[in-house]
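Inspection log for the structure reproduced underneath, given as structure tokens.
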């Protein structure tokens, strides 16, 4: 829409203005059944976390050595730098199975 040859509004007649009745009208009486399940898959209740799963993501570097000029009184207690743990497996999540209640 141009007013005094300046663009004031723009868009599609169908989508942006209420000139035409909507193509679809929501049914106000429609509602989701009480037993409706939205999730197609669920966590497997039989699946358990392995005993050795909880490994830290970072571990102290075994090869690191305390610097010769490190002064515990001035610098505090020396701690080895952290490195990525090769045994770290990430956050454990149970296996997903098909939801028997999903329709």
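Quick note: the coordinates plus some simple rules give every number you see, no bench work behind them. All values derive from a computational prediction rather than experimental measurement. Cβ sites come from the backbone with ideal geometry, for glycine too, and all protein chains shown count toward neighbours.
Which of the residues that make up segment 5-47 are assigned to a loop (DSSP other than H, G, I, E, B) and either on the phi > 0 side of the Ramachandran plot or touching a strand residue (DSSP E or B) at 6+ places or on another chain (Cβ under 6 Å) (or both)? Steps first, answer last, please.
In the first step, residues of segment 5-47 are kept if they are assigned to a loop (DSSP other than H, G, I, E, B); the result is 5, 8-12, 17-40, 44-47.
Listed by number, the residues that qualify are 5, 11, 44.
Only residues that are surrounded by 12 or more Cβ atoms within 10 Å (Cβ to Cβ) and over 30 Å from residue 41 (Cα atoms): list them for segment 67-103, please. Result: 70, 78, 80, 82, 83, 85.
Looking at 32, 49, can you tell me which residue is loosely packed, with under 10 Cβ neighbours inside 10 Å and within 30 Å of residue 101 (Cβ to Cβ)?
Details: 49 fails: loosely packed, with under 10 Cβ neighbours inside 10 Å.
It is 32.
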